[in-house]
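Here's the structure, in structure tokens; my notes come after.
The values are calculated or read from the model by the stated rules, or taken from the named source; none is laboratory data. This is a predicted model, so every value here is computed, not measured. Here Cβ is always computed from backbone atoms with ideal geometry, including for glycine, and neighbour counts include all displayed protein chains.
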Amino acid sequence: MDVEVSTDAITGFVWLEQYVEKLAWKHDVTPEEVEAIFFARPTFRLVEKGHIHGENMYSAMAQTEEGRYVIAFFIHKLDGRALIISARTMDEAEETLWPKIDHPCRAAVRTKS
């Protein structure tokens with residue numbers, strides 16, 4: 001079965017306090033920055049299939065309006081929301097790779113499940 005993740009498929013965000021705190025102290029990323037990348041034509045990539053059928057982990061890569069390159073890891077829940085697990089500034093290799101990723105829609109990736 002084909003699964004498509006796109007900005008339009010994300011209906012909202014789930015924030016767990018433990019992850020929000022980790023984003024702040026370990027990665028210096030705010031929830032607002034993470035949510036903003038979902039509206040900045042991100043590139044989505046399947047990271048791994050989820051333990052619950054249909055709830056896979058993805059990454060979203062984009063540049064913020066302020067110029068920061070951010071990668072977020074999330075589980076796309078069955079109800080369409082993104083459960084944010086982590087986010088950080090892209091490392092040098094990711095930042096170099098990001099503009100070279102060529103998806104037809106740039107905001108969607110198709111995977112087989």
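Tell me which of these ARG45 doesn't satisfy, since it passes every other one: (1) part of a strand (DSSP E or B); (2) free of Cβ contacts under 8 Å to residues at least 60 places away in the same chain.
All conditions pass for ARG45, except number (2).
From the residues in the stretch 80-93 that are out of contact with any strand residue (DSSP E or B) (no Cβ under 6 Å at 6 or more places or on another chain) and charged (D, E, K, R), which one is surrounded by the most Cβ atoms within 10 Å (Cβ to Cβ)?
Looking at the filtered set, the residue picked out is ARG88.
Go through (1) within 24 Å of GLY50 (Cβ to Cβ); (2) modelled with pLDDT under 85 one by one and return the number of the condition ALA72 breaks.
(2)
Quick check on TYR19: is it touching a His at 6+ places or on another chain (Cβ under 8 Å), surrounded by 14 or more Cβ atoms within 10 Å (Cβ to Cβ) and of a type outside the set (A, V, I, L, M)? Steps first, answer last, please.
Values: touching a His at 6+ places or on another chain (Cβ under 8 Å): no; surrounded by 14 or more Cβ atoms within 10 Å (Cβ to Cβ): yes; of a type outside the set (A, V, I, L, M): yes.
So TYR19 does not fit the description; no.
Search the stretch 22-48 for residues being loosely packed, with under 14 Cβ neighbours inside 10 Å and among the basic types (Lys, Arg), and hand back the single one that is farthest from LEU78 (Cα to Cα).
Filtering first and then ranking leaves LYS26.
For residues in the stretch 50-79 being among the β-branched types (Val, Ile, Thr) and closer than 16 Å to ALA40 by Cβ, which is surrounded by the fewest Cβ atoms within 10 Å (Cβ to Cβ)?
THR64
VAL34 - would you say it is among the β-branched types (Val, Ile, Thr) and either outside any strand (DSSP E or B) or over 25 Å from LEU97 (Cα atoms) (or both)?
yes
Considering only residues that are modelled with pLDDT under 95 and part of a strand (DSSP E or B), which ones fall in the stretch 82-93?
Residue satisfying the conditions is THR89 alone.
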